[in-house]
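Everything on this sheet refers to the single structure shown next.
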Amino acid sequence: IFVPVLLGSHFFLSVFDLKKEVIEIWDSLPNCVDPIKRGEKVTLIAKELDSIFFEAVMRRFEATMFCTFTIVEVVNAPRQENGFDCGLFVLKLMTC
């Protein structure tokens, strides 16, 4: 499940992998926001997804709750060269 996230004025992508039970954070400008705030935002989204998708997704895949997934930052994510292309990077990452 691809979830674009806006934190302040910066977009990054979170990818919820149901089989691996991992949430990957793909951030093209990782030093732009506090990593703790980024993790807190993704955790909040995971809790919301739990309440929305439990019946439709979690039971079907026999997965645990999203909020128990491990959050990992993808260190080799493509990096933007300026301070304003983060939204385009999120869209490109989703298509790739």
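Using a Gaussian network for the chain with springs between C-alpha atoms less than 10 Å apart, which of these wobbles most: F16, F53, F69?
Greatest mean-square fluctuation among the candidates belongs to F53.
Could you list the square roots of 5 times each eigenvalue of the Cα gyration tensor of the chain, that is, the equivalent ellipsoid semi-axes, sorted largest first and rounded to whole Å?
25, 13, 11
Given a 10 angstrom Cα cut-off, can you work out which residue in R60, R79, R38 is the most mobile in a GNM of the chain?
R60
Could you please put D50, D34, D85 in sequence from largest to smallest accessible area, using a 1.4 Å probe?
In descending accessible area the options line up as D34, D85, D50.
Residues of segment 1-53: accessible area per residue at 1.4 Å, in Å²?
Heavy-atom accessible area per residue stands at 55 Å².
Compute the angle between helix 86-95 and the longest alpha-carbon principal axis of the chain, please, reported from 0 to 90 degrees and rounded to the nearest 10.
So the helix axis and the longest Cα principal axis differ by about 50 degrees.
What's the carbon and sulfur percent of the chain's accessible surface, probe 1.4 angstrom, rounded to a whole number?
The C+S portion of the solvent-accessible surface of the chain is 60 percent.
For E55, E21, write out the residues from largest to smallest accessible area, computed with a 1.4 angstrom probe and no ligands counted.
So the residues, ranked largest to smallest area, are E55, E21.
Only Cα pairs within less than 10 Å get springs; with that Gaussian network setup on the chain, which residue of L44, L29, L13 has the largest fluctuation?
So, out of L44, L29, L13, the one fluctuating most is L44.
The values are calculated or read from the model by the stated rules, or taken from the named source; none is laboratory data. Because the structure is predicted, anything quoted here is derived from the model rather than measured. Only protein heavy atoms, including side chains, enter the accessible area calculation; ligands, DNA and RNA are left aside. Shrake-Rupley method; radii C 1.70, N 1.55, O 1.52, S 1.80 Å.
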